[in-house]
Amino acid sequence: QVQLVPSGGGLVQAGGSLRLSCTASGRTFSVDTFGWFRQAPGKEREFVAAIRRIGGNTFYADSVKGRFTISRDNAKNTVYLQMNSLKPEDTAVYYCAAGSQVLNPRTRSGYDYWGQGTQVTVSS
């Protein structure tokens, strides 16, 4: 089992920045991919970004490419999502996820473990 604890959400004005963190514990050696997803009210949970634990390959949704950066610190078992140039449409509950054999990092079904969500609100 892998436990994921997110932090760093909050309220920010449009154009501002926030950094989310997600710290993993447990059988972290089994994880090959960490991901961030988000869910806005009345919408499906959608992919935001992902990173391979080994190698560091990254993946982004088109809607955040160039504004968000995902990174990881394997020594701390922590993955980060740096969010810049935030827009009101980025408002959502953000979830971190981890998976052991994630073939497609952009799909929810590939992830085995999910953290509790953290609210990000961007005011206009």
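Among the residues of region 45-65, count how many are farther than 13 Å from residue 106 by Cβ, among the small types (Gly, Ala, Ser) and in contact (Cβ under 8 Å) with a residue 12 or more places away in the chain.
Total satisfying the criteria: 1.
Is it fair to say residue 65 is assigned to a loop (DSSP other than H, G, I, E, B), of a type outside the set (Gly, Ala, Ser) and under 14 Å from the mean Cα position of the chain (by Cα)?
yes
Output the residues belonging to region 34-61 that are among the basic types (Lys, Arg), part of a loop (DSSP other than H, G, I, E, B) and surrounded by 15 or more Cβ atoms within 10 Å (Cβ to Cβ).
The answer is 45, 53.
For region 76-98, check the following and say yes or no: at least one residue is at pLDDT below 95 and among the aliphatic types (A, V, I, L, M).
The answer is no; no qualifying residue exists.
Out of the residues in region 84-105 that are out of contact with any helix residue (DSSP H, G or I) (no Cβ under 7 Å at 6 or more places or on another chain) and assigned to a strand (DSSP E or B), which is nearest to residue 21 (Cα to Cα)?
96
For residues that are open to solvent by less than 40 Å² (accessible area, probe 1.4 Å) and modelled with pLDDT under 95, tally how many sit in region 101-116.
Adding up the residues that qualify gives 2.
The values are calculated or read from the model by the stated rules, or taken from the named source; none is laboratory data. Note that the structure is a prediction, hence the values are computed from the model and not measured. All Cβ positions, even for glycine, are placed from backbone atoms using ideal geometry, and neighbour counts span all protein chains on display. Surface accessibility is based on the protein's heavy atoms, side chains included, excluding ligands, DNA and RNA. Shrake-Rupley method; radii C 1.70, N 1.55, O 1.52, S 1.80 Å.
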